[in-house]
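Step one of this worksheet: look at the structure below.
A short reminder: the numbers here are calculations on the coordinates, not readings from a lab. Note that this is a predicted model, so its numbers are computed, not measured. Glycine also receives a Cβ, built like all others from the backbone with ideal geometry; neighbour counts cover every protein chain displayed.
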Amino acid sequence: MDKKSKILLSLVAILIIIVVGVEFWRIVAQKDYQIIDWVDCDPATDSCFIYEDEETGEITNYALISKKASTIFACDPATQTCDELVCEEGEENCEVSYCTEADAEAGEVCSE
């Protein structure tokens, strides 16, 4: 390898290390990503998604919540329980999604 190739290869390697480091910081340290989870849904008041367990036949009504990971608190390690996710008043990047006609057309099952 000539000197120019070594310099170019070194610069590319340094650039890759910087990009990986910045993304690691953004995702792991700052938790800058969205979490999507199931939350309880009342089919009497909302159009809920429906999940039926294949083994037991148990039906679960749920909605989807999309929330920024940095706003979610860790579960209690002593009891191994977690509070259900909720969107706080005025919270940015938090949305609860209920089942729509478009979801039903895409194969999801919705409550009436």
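Normalising by residue count, segment 33-112 has a Cα convex hull of 144 Å³ per residue. Neighbour counts of other Cβ atoms within 10 Å put Phe73, Phe49, Phe24 in the fewest-to-most order Phe73, Phe24, Phe49. Cβ-Cβ distance of Val86 and Asp32, R₀ of 30 Å, FRET efficiency by 1/(1 + (r/R0)^6): the value works out to about 0.90. Its residue count N sets the reference 2.2 N^0.38 Å, and the alpha-carbon radius of gyration of segment 1-61 equals 2.35 times that reference. Here the Karplus curve 6.51 cos²θ - 1.76 cosθ + 1.60, taken at θ = phi - 60°, turns the phi angles of segment 89-96 into couplings of 4, x, 5, 7, 6, 9, 8, 9 Hz, with x standing for Gly and Pro.
Note on segment 33-112: dipole from Cβ charges, positive end direction compared against Ala44, Cys110, Cys87; the farthest Cα belongs to Cys87.
Sequence-distant contacts, meaning Cα pairs under 8 Å at least 6 residues apart, place the relative contact order of segment 1-102 at 25 percent.
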